Amino acid sequence: MAELVWVTWDGAGNLPPQRSLVAALRARGHRVRVLAHESLREVLARDDLDCLPVRGLRHYDSKEALAPEDEMPFVVEHIWYARPFGAALLAAVEERRPDGLLIDVCLTSALVAARGTGLPTAVLGHFPYQILLGPFAPLAASRLEETNAYARELGVAPFASHQALIEAASLVLVPTYRSF
């Protein structure tokens with residue numbers, strides 16, 4: 001059976017489908033280790049999952065109130081583009097030698113780092129049009145040079161777009177209702 005590393009964050013809505021996927025993988029005998037915010041440790045422990053630390057990551061708990069005008073800037077800077085996720089992924093790959101990776105679509109630095117590992121990677125989306133076509137597309141485009149600077153630091157070829165970064169993965173999974 002496969003050893004997998006799942007990189008996620010405390011985004012609240014992203015967790016139920018990702019946890020379901022991980023539960024299904026574990027039911028099939030695969031081992032899954034998680035890189036996530038400390039705030040998820042208790043939830044993940046209920047799922048009997050090993051949680052690996054993400055050193056240098058700013059504290060975030062989706063249950064703690066941030067002022068509405070502060071939340072999105074915090075999430076963008078300290079989660080979506082947080083290099084500690086990329087560094088933790090590379091450390092986990094070095095230490096654990098997993099067979100594959102599961103990465104939340106929002107974690108740009110982890111996606112870049114994953115590309116550099118050469119491991120099969122499944123990107124876990126939240127909703128169909130999210131980053132590629134939705135309201136976050138302009139943000140992703142405005143941060144492409146930063147994304148590519150990180151890629152160059154890791155020896156990864158630059159990406160023509162954020163969509164190209166996502167599509168470089170082996171698989172992109174977007175959970176939705178069957179009727180949709």
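The values are calculated or read from the model by the stated rules, or taken from the named source; none is laboratory data. Note that the coordinates shown come from a computational prediction; the quantities given were computed from them, not determined experimentally. All Cβ positions, even for glycine, are placed from backbone atoms using ideal geometry, and neighbour counts span all protein chains on display. Ligands, DNA and RNA are excluded from the accessible area calculation, which covers all protein heavy atoms including side chains. Shrake-Rupley method; radii C 1.70, N 1.55, O 1.52, S 1.80 Å.
Cβ-Cβ distance below 7 Å, separation of 6 or more or different chains: which pairs start in the range 34-59 with a residue that is closer than 23 Å to Gly100 by Cβ and end on one that is of a type in the set (Lys, Arg)?
Asp47/Arg19; Asp50/Arg33; Cys51/Arg41; Leu52/Arg33
Of all residues in the range 79-91, count the ones that are open to solvent by less than 10 Å² (accessible area, probe 1.4 Å) and not hydrophobic (A, V, I, L, M, F, W, C).
Total meeting the criteria: 1.
Out of the range 33-42, which residues are surrounded by fewer than 20 Cβ atoms within 10 Å (Cβ to Cβ) and more than 23 Å from Leu66 (Cα to Cα)?
Answer for the range 33-42, where residues must be surrounded by fewer than 20 Cβ atoms within 10 Å (Cβ to Cβ) and more than 23 Å from Leu66 (Cα to Cα): just Arg33.
Would it be correct to say that Leu154 is open to solvent by 30 Å² or more (accessible area, probe 1.4 Å), touching a helix residue (DSSP H, G or I) at 6+ places or on another chain (Cβ under 6 Å) and within 22 Å of Glu95 (Cβ to Cβ)?
Details: open to solvent by 30 Å² or more (accessible area, probe 1.4 Å): yes; touching a helix residue (DSSP H, G or I) at 6+ places or on another chain (Cβ under 6 Å): yes; within 22 Å of Glu95 (Cβ to Cβ): yes.
Against the criterion (open to solvent by 30 Å² or more (accessible area, probe 1.4 Å), touching a helix residue (DSSP H, G or I) at 6+ places or on another chain (Cβ under 6 Å) and within 22 Å of Glu95 (Cβ to Cβ)), Leu154 qualifies.
Residues checked against (1) over 13 Å from the mean Cα position of the chain (by Cα); (2) among the basic types (Lys, Arg); (3) open to solvent by 60 Å² or more (accessible area, probe 1.4 Å):
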| residue | (1), (2), (3) |
| --- | --- |
| Ser62 | yes, no, no |
| Asp70 | yes, no, yes |
| Glu77 | yes, no, yes |
| Val93 | yes, no, no |
| Pro98 | yes, no, no |
| Cys106 | no, no, no |
| Ala110 | no, no, no |
| Phe136 | yes, no, no |
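Only one of Thr147, Thr117 is closer than 19 Å to Trp9 by Cα and either surrounded by fewer than 14 Cβ atoms within 10 Å (Cβ to Cβ) or in contact (Cβ under 8 Å) with a residue 24 or more places away in the chain (or both). Can you tell me which?
The conditions single out Thr147.
Pick out the one residue from Ala12, Ala23, Ala45, Ala27 that is at pLDDT 95 or above and either within 19 Å of His126 (Cβ to Cβ) or open to solvent by less than 80 Å² (accessible area, probe 1.4 Å) (or both).
Working: Ala12 fails: at pLDDT 95 or above; Ala45 fails: at pLDDT 95 or above; Ala27 fails: either within 19 Å of His126 (Cβ to Cβ) or open to solvent by less than 80 Å² (accessible area, probe 1.4 Å) (or both).
On inspection, the qualifying residue turns out to be Ala23.
Need pairs with beta-carbon distance below 7 Å; first residue over 23 Å from Glu146 (Cα atoms) and open to solvent by 80 Å² or more (accessible area, probe 1.4 Å) and within the range 157-180, second assigned to a helix (DSSP H, G or I) and of a type in the set (S, T, N, Q); sequence gap 6+ or separate chains.
Partner pairs satisfying both residue conditions: none exist.
Only one of Arg143, Arg115 is within 14 Å of the chain's Cα centre (by Cα) and not small (Gly, Ala, Ser). Can you tell me which?
Arg115
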